[in-house]
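Notes to accompany the following structure.
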Amino acid sequence: MSEGYQDIAGRILSGRPLTDDEAYALGLRVAQARGEEILALTAAANQLKEARFPGTMSLCSIVNAKSGRCSEDCKFCAQSAHHDTSCNQYPFIDLQKILAAASAMRQAGAGRFAVVTSGKGLTGQDFELLLQAIRGIRDLGLAADASVGILDLEQLQALKNAGLLAYHHNLETARSFFPQVCTSHAYDEDVATVRAALDAGLHVCCGGLFGLGEGWGHRVELALELRELGVHSVPVNFLTPIPGTPYEHREVMPPEEALRIVALLRFILPEKHIRICGGRPAVFGSRRAEALTCGASGLMIGDYLTTRGEAAASDLDDLGRLGLKPE
């Protein structure tokens, strides 16, 4: 693929999306990009973003409503019962705490708010508490979202009836790399949940976690799987190494690599919301504003599941300086 990045972007905007082979070729090229080429890459990716989401940045936030003691053995996760971490452990929190957190993030500028819980899935009384929380978040005037693991179509339809607008369920990484990250459930279980959420008529937010040791080919593979599934929004998370997990000694990803990942995803998924989420403070640090100019159309504000996020006011200041309107 010898075209300039602007030429590739123009071709995509004319209605000619990348083929699978072209996506892999672009991935190889992006893997080798350095210096001025990264600037050209991110500028072209931002051109694609502006064509689809002009002048805006979608803001979302979450609450960790049930923490720790997860049965799954995901090597990156502080909440896995298989790892000896200092993660807080607590059952499903009180409804009023959820609504207070949602209200605070609404005031901070978030348009979406998600209830997130640890564990492979949610059943029984915890699921009933989730239904109550979704109704309450909806009544606050926020888009009510949830991320509670592997669910079936009946559960997802019940959540939609309660007011759920979007379901979030990451695939985390490429199918071919997944067995190196998690062995306690099959990749197809995650894919089935994503398909069920789409069948339920929900907006589906599905992406991955980068920096697990995957290669650029794996990153393209994940993007193409997301494209085939037809998800609406793609959260991009970067590994924050957690003491006590198998990945505790992995290095934090350099910001230049993170910028290239987001830009590559924009080229392969030009019509999707691409949201920069977990790991942003660790990866970007004082360069956090650069994350808003590489093709991303969404940002998670506030804290993450087990790590601190940026101050919402700082993010809003960055948006203002860049002429972007939060939504």
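Going through Leu156, Leu130 one at a time, which residue ends up being touching a helix residue (DSSP H, G or I) at 6+ places or on another chain (Cβ under 6 Å) and at pLDDT 95 or above?
Within the list Leu156, Leu130, the selection yields Leu156.
For (1) modelled with pLDDT under 95; (2) hydroxyl-bearing (Ser, Thr, Tyr); (3) outside any helix (DSSP H, G or I); (4) in contact with a helix residue (DSSP H, G or I) (Cβ under 7 Å, 6 or more places away or on another chain), each residue gets a yes or a no:
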{"site": "Gln6", "(1), (2), (3), (4)": "no, no, no, yes"}
{"site": "Ile12", "(1), (2), (3), (4)": "no, no, no, yes"}
{"site": "Leu18", "(1), (2), (3), (4)": "no, no, yes, yes"}
{"site": "Ala25", "(1), (2), (3), (4)": "no, no, no, no"}
{"site": "Leu28", "(1), (2), (3), (4)": "no, no, no, yes"}
{"site": "Ile38", "(1), (2), (3), (4)": "no, no, no, yes"}
{"site": "Ala43", "(1), (2), (3), (4)": "no, no, no, no"}
{"site": "Leu48", "(1), (2), (3), (4)": "no, no, no, yes"}
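Residues that are surrounded by 16 or more Cβ atoms within 10 Å (Cβ to Cβ), more than 21 Å from the chain's Cα centre (by Cα), part of a loop (DSSP other than H, G, I, E, B) and not basic (Lys, Arg): does region 88-110 have at least one?
Yes, some residue in region 88-110 is surrounded by 16 or more Cβ atoms within 10 Å (Cβ to Cβ), more than 21 Å from the chain's Cα centre (by Cα), part of a loop (DSSP other than H, G, I, E, B) and not basic (Lys, Arg).
Here's the yes/no breakdown for (1) within 14 Å of the chain's Cα centre (by Cα); (2) more than 16 Å from Gly149 (Cα to Cα):
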site	(1), (2)
Asp188	no, no
Ala192	no, no
Arg195	no, no
Val204	yes, no
Phe210	yes, yes
Trp216	no, yes
Val220	no, yes
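Take the conditions within 23 Å of the chain's Cα centre (by Cα), surrounded by fewer than 19 Cβ atoms within 10 Å (Cβ to Cβ), free of Cβ contacts under 8 Å to residues at least 40 places away in the same chain and over 30 Å from Leu130 (Cα atoms) and apply them to Pro54. Does it pass?
Against the criterion (within 23 Å of the chain's Cα centre (by Cα), surrounded by fewer than 19 Cβ atoms within 10 Å (Cβ to Cβ), free of Cβ contacts under 8 Å to residues at least 40 places away in the same chain and over 30 Å from Leu130 (Cα atoms)), Pro54 qualifies.
Inside region 138-242, counting only helices (runs of 4 or more DSSP H) that do not spill past its ends, which hold 1 or more residues that are closer than 23 Å to Pro17 by Cβ and either in contact with a Phe, Trp or Tyr (Cβ under 7 Å, 6 or more places away or on another chain) or of a type in the set (A, V, I, L, M) (or both)?
187-199, 216-229
The values are calculated or read from the model by the stated rules, or taken from the named source; none is laboratory data. Model, not experiment: these values are computed from the prediction. All Cβ positions, even for glycine, are placed from backbone atoms using ideal geometry, and neighbour counts span all protein chains on display.
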